[in-house]
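Worksheet: one structure, shown below.
The values are calculated or read from the model by the stated rules, or taken from the named source; none is laboratory data. Model, not experiment: these values are computed from the prediction. Using ideal geometry, Cβ is built from the backbone for each residue, glycine included, and neighbour counts are taken over all protein chains shown. Just the protein is used for accessible areas: all its heavy atoms, side chains included, with ligands, DNA and RNA removed. Shrake-Rupley method; radii C 1.70, N 1.55, O 1.52, S 1.80 Å.
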Amino acid sequence: MSDLKSFVAANGDRMLQELNDLLRIPSISTLPVNASDCRHAAEWVADQLRNLDCEVELLGSDTHPVVWAKGPEVPGKPVVLAYGHYDVQPPDPLDEWETPPFEPTVRDGNLYARGATDDKGQVFAIIKAFEAVSKGGKPPVNMRFLIEGQEEMGSGVLFDLLDERPELVEADAALVADTQYYAPGIPAIEVGLRGICYGEITVRTLKGDLHSGLYGGVAPNAHETLVHLLAKLKTEKGKINIPGLYEAVKRPAKAERDAWAKLPFKEREFMRDEVGAKALTGLTRYSVFERLWGLPTLEIHGIMGGFTGEGAKTVIPAEATAKVSLRLVPNQKAKTVEKQLIKTVKQLAPTYADVSFSFIHGADPVLVDIGAKPFDLIDQAFREVEGRGIVFTRSGGSIPVVAGLAKRGAPVLLAGLGLPDDRLHAPNEKIGVDQFLNGIRVYGRFFELMAE
Ligand code: BES
Ligand code: MN
Ligand code: MN
């Protein structure tokens, strides 16, 4: 048995117990009430790294610090930077969880908890891989850790930190553990991620709420105005109605699209089992992969205002707000898209309504260069553990810092451990116990191969 395999066999239960401790911390970055939990999770991660002889710094924020750590110096060996995040998304709707989100539970070979796959399980696999290869304080490579606490809310603290201290991410390879296999048994390297532009559209039509009987028929309703506006932003066929939006979109090359067409994929099963829908919508003249990976989207996440409590209240709401986001693809820019959206929203609104857009977070899309040597090494590591090498895909999701990492020069390996049915951001999020344990072997082997 290889060293890594026996390490995982001997330490698997202990490592899962440790991971459970991290999963019990409700480090929901977007909710202010959980600020101290975010700090707690950062300190938990920092303690783990200190126990592996790392020098650790908590940077940029008291409540959501970036955990940056430097492993023991190994002269002449390459620098490997590992990225992940300890923050998680809110767990609601709570009543749809089979076991509570912050009480990690194993069922049928899966570990269920908010953050199990996104991203605590993956972060922890990297830390344990480093432990496995560290053998008494002598790791094979010069390790750096960059583990942030604001990924799920736009990475503002990390962006500012890297502007000030770009040297923190200087490396020969950056390993990002925050993505997915293509399918069970088929590891993937993601070549691209979509960007995002997230904000709130608010419409005000009245000085204050009104009796819907006394004024209904003459008074403009904020919800009605907002809903009409939102409906105009996208056609029923899925085309986003923002002038200029598609101009910067660079279609994936034919070779890349042909490679996607060769991936094992059954559209009906994907629709029924993974999406859980009766139809797939969007620009249906493009393939599902191109719609997910190569085209922008516009989503409405929620609409607030008016009366939504129990019972009935006859009111004409004066104000209504929608949370919306666009996903962006190469070569769109988040800043440009924000301006285009604001302009369109103002133009589409009737003159009697005051409309505003309040930006929440944004990230540019990214394509990584896949020519460098570390890509061969991670492929080999996956081959040794999983019995097969990687496929190249993209992802429709976003990781805000990746564009910045890629710009600063180190090859960025989006080599995550999740599976497509992990339900990240949703109830009953899970990570496969074997994904976690095999991931430790893959990452550990990658560190060894980098050293050779
Ligand atoms: N890890 C995900 C993104 C992801 C998942 C990429 C699977 C590739 C494969 C990340 O935590 C995430 O959810 N990001 C947010 C970013 C946003 C809040 C700025 C997203 O995509 O919604
Ligand atoms: Mn993530
Ligand atoms: Mn996420």
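Rank Tyr286, Tyr215 by accessible area, highest first, at a 1.4 Å probe radius?
The residues order as Tyr215, Tyr286, largest area first.
Please give me the summed charge of the neighbours of Phe102: other residues whose Cβ is under 13 Å from its Cβ, Lys and Arg +1, Asp and Glu -1.
Values: positive: Arg24, Arg114, Lys120; negative: Asp21, Asp37, Asp92, Glu103, Glu429.
That sum, taken over residues with Cβ under 13 Å, equals -2.
Suppose all protein chains stay in the model; what accessible area per residue would a 1.4 Å probe give for the chain, in Å²? Could the numbers behind the result be given before it?
On the way: 20380 Å² over 452 residues.
Computed with neighbouring chains in place, this is 45 Å² per residue.
Calculate the length of the line joining the C-alpha centroid of the range 427-452 to that of the range 361-396, in whole Å.
First find each Cα centre; the distance between them is then 14 Å.
How much FRET efficiency would the formula 1/(1 + (r/R0)^6) give for Lys335 and Glu200, where r is the Cβ-Cβ distance and R0 is 25 Å, rounded to 0.05? Provide the component values of the computation, followed by the final result.
Working: r = 18 Å, r/R0 = 0.70.
Approximately 0.90, to the nearest 0.05.
On a straight-distance basis, which lysines could pair with Lys343 in a cross-link, Cα separation under 29 angstrom, same-chain partners fewer than 8 positions away excluded?
Hits, sequence-local ones excluded: Lys207, Lys232, Lys234, Lys237, Lys239, Lys250, Lys323, Lys333, Lys335.
Can you tell me the length gained on complete extension of the stretch Val33 to Gln17, counting 0.36 nm per residue apart and subtracting the Cα distance?
Working: separation 16, 0.36 × 16 = 5.76 nm, distance 2.64 nm.
Difference between extended and current length: 3.1 nm.
Distance from a point 7 Å along Cα→Cβ of Tyr246 to each backbone N in the range 318-334: keep the residues under 20 Å and list them by number.
325-334
Give the residue from Gly137, Ala116, Ile127 lying farthest towards the positive end of the charge dipole for the range 107-146; charges sit on Cβ (+1 for Lys and Arg, -1 for Asp and Glu) and the dipole is referred to the Cα centre.
It is Gly137.
Gap in Å between the Cα centre of the range 101-130 and the Cα centre of the range 50-98?
With the range 50-98 and the range 101-130 each reduced to a Cα centre, they are spaced 14 Å.
Fully extended, how many nm does the chain gain between Glu310 and Asp53 (0.36 nm per residue separation, minus their Cα-Cα distance)?
Working: separation 257, 0.36 × 257 = 92.52 nm, distance 5.56 nm.
Result: 87.0 nm gained on full extension.
Summing Lys, Arg as +1 and Asp, Glu as -1, what charge do residues with Cβ under 12 Å from the Cβ of Glu170 carry, Glu170 excluded? Please list the in-between numbers first.
Details: positive: Lys70, Arg144, Arg165, Arg408; negative: Glu167, Asp172.
Computed value for this residue: +2.
When only Cα pairs under 8 Å and 6 or more residues apart are kept, what is the percent relative contact order across the range 212-339?
On the way: 118 pairs, mean separation 43.2, N = 128.
Value for the range 212-339: 34 percent.
Considering only DSSP states other than H, G, I, E and B, which chymotrypsin sites (Phe, Trp or Tyr not before Pro) in the range 330-398 qualify as loop sites with at most 13 other Cβ atoms within 10 Å? Before the final figure, lay out the partial values.
Working: sites: Tyr352, Phe357, Phe359, Phe375, Phe382, Phe392; in loops: Tyr352.
Passing both the DSSP loop test and the Cβ count: Tyr352.
So what is the relative contact order for the range 307-414, in percent, with contacts set as C-alpha pairs under 8 Å and at least six apart? Present the calculation step by step, with values, prior to reporting the outcome.
Details: 61 pairs, mean separation 27.0, N = 108.
Relative contact order here is 25 percent.
What full-extension length gain, to one decimal in nm, is calculated for Lys323 and Ile360 as 0.36 nm per residue of separation minus the Cα-Cα distance? Provide the component values of the computation, followed by the final result.
Working: separation 37, 0.36 × 37 = 13.32 nm, distance 0.95 nm.
Result: 12.4 nm gained on full extension.
Using a probe of 1.4 angstrom, how much of the accessible area of the range 226-375 is carbon and sulfur, in percent? Provide the component values of the computation, followed by the final result.
Numbers: 4720 of 9030 Å².
Looking at the range 226-375 in its full context, I get 52 percent from C and S.
Need one value: the accessible area of Ile360 in square angstrom, 1.4 angstrom probe, rounded to the nearest 10.
It works out to around 80 Å².
Taking the Cα-to-Cβ direction at Lys407 and at Asp3 and moving 7 Å from each Cα, how far apart do the two end points lie in nm?
Distance between label points: 3.9 nm.
Taking Cα pairs under 8 Å and at least six residues apart, what relative contact order does the range 155-281 come out at, in percent? If you can, show how the numbers build up before the last one.
Values: 36 pairs, mean separation 13.1, N = 127.
Result for the range 155-281 is 10 percent.
Just the accessible area for His228, please: 1.4 Å probe, Å², rounded to the nearest 10?
Spelled out: His228, probe radius 1.4 Å, area about 100 Å².
Where Lys and Arg each count +1 and Asp and Glu each count -1, what net charge lies around Glu386 among other residues with Cβ under 13 Å from its Cβ? Walk me through the numbers on the way to the answer.
Details: positive: Lys5, Arg383, Arg388, Arg441, Arg445; negative: Asp379, Glu384, Asp434.
Net local charge, Glu386 excluded: +2.
Ignoring any ligand, DNA or RNA, what whole percent of the accessible area of the range 1-138 comes from carbon and sulfur when the probe is 1.4 angstrom? Spell out each step's value before the answer.
On the way: 2830 of 5840 Å².
That fraction is 48 percent.
Any chance you could look up the accessible area of Thr351 with a 1.4 Å probe, heavy atoms only, rounded to 10 Å²?
Roughly 140 Å² of Thr351 is accessible to a 1.4 Å probe.
Relative to the longest principal Cα axis of the chain, at what angle does helix 222-232 sit, 0 to 90 degrees, rounded to 10?
60 degrees
Assuming R0 = 41 Å, can you tell me the calculated FRET efficiency for the pair Asp376 and Lys232, based on Cβ-Cβ distance, to the nearest 0.05?
Numbers: r = 49 Å, r/R0 = 1.20.
The pair Asp376/Lys232 has a calculated efficiency of 0.25.
Rounded to the nearest Å, what's the spacing between the alpha carbon centres of the range 257-287 and the range 205-252? Just the number, please.
29 Å
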